[in-house]
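First up is the structure itself, then whatever we jot down about it.
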Amino acid sequence: MLEFKVEPLNSSMIEECANLFRDVFSKEPWNDIYDSDDLVDNYIQNFINMDSFLGFAAIYKDRIIAVSLGMKKPWINGIEYYIDQFYVSNDFQNMGIGSRFLDNINVFLQNMNINGILLNTEESFHSYDFYIKNGFKKADGLVVMYKD
């Protein structure tokens, strides 16, 4: 079994996290195209700059192989962790890394008295099945809404 460590994400990791982000999300099923590297770098920097930021990196042999970007969010029963982005290097997918990464994140969260995780995902993507497999439940009746 591949051994990796999990560390809280910090600003010294931005470039590597951004490179991994671009690599993962430029492939199936997302196929995202970025006009410049700065877009992703700034996106991650903006997360880190938030007072409520909470992020983690899975590190194998001094290489970041998975990232969770999110924030601490208050709710009626305490504080929960909202995962905005969760991604694993294409080279390390389908090896159980993502599930073990989530397990490690849960340990951090318990030690911080954070008692829940919330996220959004596309129901038609493989990530939906991944989250279901890892104990997440679909919130029936909820929809994601936005306004430009």
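The values are calculated or read from the model by the stated rules, or taken from the named source; none is laboratory data. None of the values given here were measured: they were computed from a predicted structure. With ideal geometry, Cβ positions are generated from the backbone for all residues, glycine too; neighbour counts draw on all protein chains shown.
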So for the range 31-53 (the condition being surrounded by 12 or more Cβ atoms within 10 Å (Cβ to Cβ) and part of a strand (DSSP E or B)), does at least one residue qualify?
yes
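Here is a yes/no grid of residues against (1) of a type in the set (D, E); (2) within 25 Å of K137 (Cα to Cα):
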residue	(1), (2)
L9	no, no
F25	no, yes
E28	yes, yes
Q45	no, no
K72	no, yes
F86	no, yes
M112	no, yes
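Among the candidates Y60, Y82, which residue alone is closer than 23 Å to Y146 by Cα and of a type in the set (F, W, Y)?
Y82
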Only one of N77, N42 is within 20 Å of I14 (Cβ to Cβ) and out of contact with any strand residue (DSSP E or B) (no Cβ under 9 Å at 6 or more places or on another chain), namely N42
Residue satisfying condition, being in contact with a Leu (Cβ under 6 Å, 6 or more places away or on another chain) and closer than 21 Å to E15 by Cα, within set A66, A57
A57
Given the options I64, I83, I14, I79, name the one that is more than 12 Å from the chain's Cα centre (by Cα), buried (at least 16 other Cβ atoms within 10 Å of the Cβ), in contact (Cβ under 8 Å) with a residue 12 or more places away in the chain and within 17 Å of M112 (Cα to Cα).
I79
Quickly run through the range 86-116 and pick out the residues that are polar (S, T, N, Q) and touching a residue at least 24 places away in the same chain (Cβ under 8 Å).
S89, N90, S99, N104, N113, N115
The conditions are (1) assigned to a loop (DSSP other than H, G, I, E, B); (2) modelled with pLDDT of 95 or more, and C17 fails exactly one of them. Which is it?
(1)
